[in-house]
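Written out below as structure tokens is the structure these notes cover.
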């Protein structure tokens, strides 16, 4: 049994994780611990506090006792608001406290895009424009070209968690661009696990979503690859073979 650990902020779309666990259809367990978010606001100062070392540390021991082999900070905005270097420091600190490999959803998006071989991406963000712009900057620091960013201006994760399949599809379509190789939907408060097949069929290209890439990143950290077509292109591709 492979046990993967996640620190998830508050309560919004955490039910994506048991759904993903079921869709993986393998000997993989997803252990999720909720962190205290403080103020529920897609605002830079609130997001920095949400991802502070003190708040993340509170859930680490629970994951250790559960037998998790890795831990991922399952929050995009609470990591990229620290910038590329700051997000690295956040993850390094988390790994040191947990005593196991660690990452975050922001890095998961960069690694997942590389995995499926895309460089040009379009972003459909639920966040206000200033926060969405910080995510685009983070992606560029990771070597990706952002063709455009669509902002929905949503202030709270609680509101994002109420979005329907049609809402998600509308955002993805609005964000899509002809010159984008993939569309990214960066909010772990957004329910997407049940919609990935529909999204990719509607857009005719890969769609990477926050909870999807977060689980994939945890699998990457323990060197596991799982074929699960219901979870989109990211879970159906063979690992890229490095030629030496």
Query - Subset of the stretch 206-231 that is buried (at least 16 other Cβ atoms within 10 Å of the Cβ) and without any contact (Cβ under 8 Å) to a residue 60 or more places away in the chain - its residue that is farthest from residue 73 (Cα to Cα) - result: 207
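Here's the yes/no breakdown for (1) in contact with a helix residue (DSSP H, G or I) (Cβ under 6 Å, 6 or more places away or on another chain); (2) closer than 21 Å to residue 192 by Cα:
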{"site": "112", "(1), (2)": "yes, yes"}
{"site": "132", "(1), (2)": "no, yes"}
{"site": "142", "(1), (2)": "yes, no"}
{"site": "147", "(1), (2)": "no, no"}
{"site": "150", "(1), (2)": "yes, yes"}
{"site": "153", "(1), (2)": "no, yes"}
Report task. Sort out which residues of the stretch 129-157 are over 17 Å from residue 44 (Cα atoms) and either surrounded by fewer than 18 Cβ atoms within 10 Å (Cβ to Cβ) or free of Cβ contacts under 8 Å to residues at least 24 places away in the same chain (or both), and write them in order of number. Result -> 140, 141, 142, 143, 145, 148
Query raised in the report: So how many residues does the stretch 61-83 have that are surrounded by 22 or more Cβ atoms within 10 Å (Cβ to Cβ) and in a helix (DSSP H, G or I)?
Result: 5
**Report entry** Residues (closer than 23 Å to residue 73 by Cβ, part of a helix (DSSP H, G or I) and in contact (Cβ under 8 Å) with a residue 12 or more places away in the chain) located in the stretch 158-174
**Finding:** 158, 160, 168
Query raised in the report: Is it the case that residue 177 is part of a loop (DSSP other than H, G, I, E, B) and either under 20 Å from residue 199 (Cα atoms) or without any contact (Cβ under 8 Å) to a residue 12 or more places away in the chain (or both)?
Result: yes
Query - Subset tally (residues that are assigned to a helix (DSSP H, G or I) and out of contact with any strand residue (DSSP E or B) (no Cβ under 7 Å at 6 or more places or on another chain)) for the stretch 41-59 - result: 9
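Of the residues 93, 38, 86, only one is in a helix (DSSP H, G or I) and touching a helix residue (DSSP H, G or I) at 6+ places or on another chain (Cβ under 6 Å); which? Before the answer, list the steps.
Working: 38 fails: in a helix (DSSP H, G or I); 86 fails: touching a helix residue (DSSP H, G or I) at 6+ places or on another chain (Cβ under 6 Å).
Testing whether each residue is in a helix (DSSP H, G or I) and touching a helix residue (DSSP H, G or I) at 6+ places or on another chain (Cβ under 6 Å) leaves just 93.
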Requested in this report: Specify the residue that is nearest to residue 53 (Cα to Cα); the eligible residues are those in the stretch 111-121 that are within 15 Å of the chain's Cα centre (by Cα) and surrounded by fewer than 24 Cβ atoms within 10 Å (Cβ to Cβ).
Outcome: 111
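No value in this document is a laboratory result; all are computed from the given coordinates. Keep in mind that this is a model prediction, so the values were computed, not measured. Ideal geometry is used to build each Cβ from the backbone, glycine not excepted, and the neighbour counts take in all protein chains shown.
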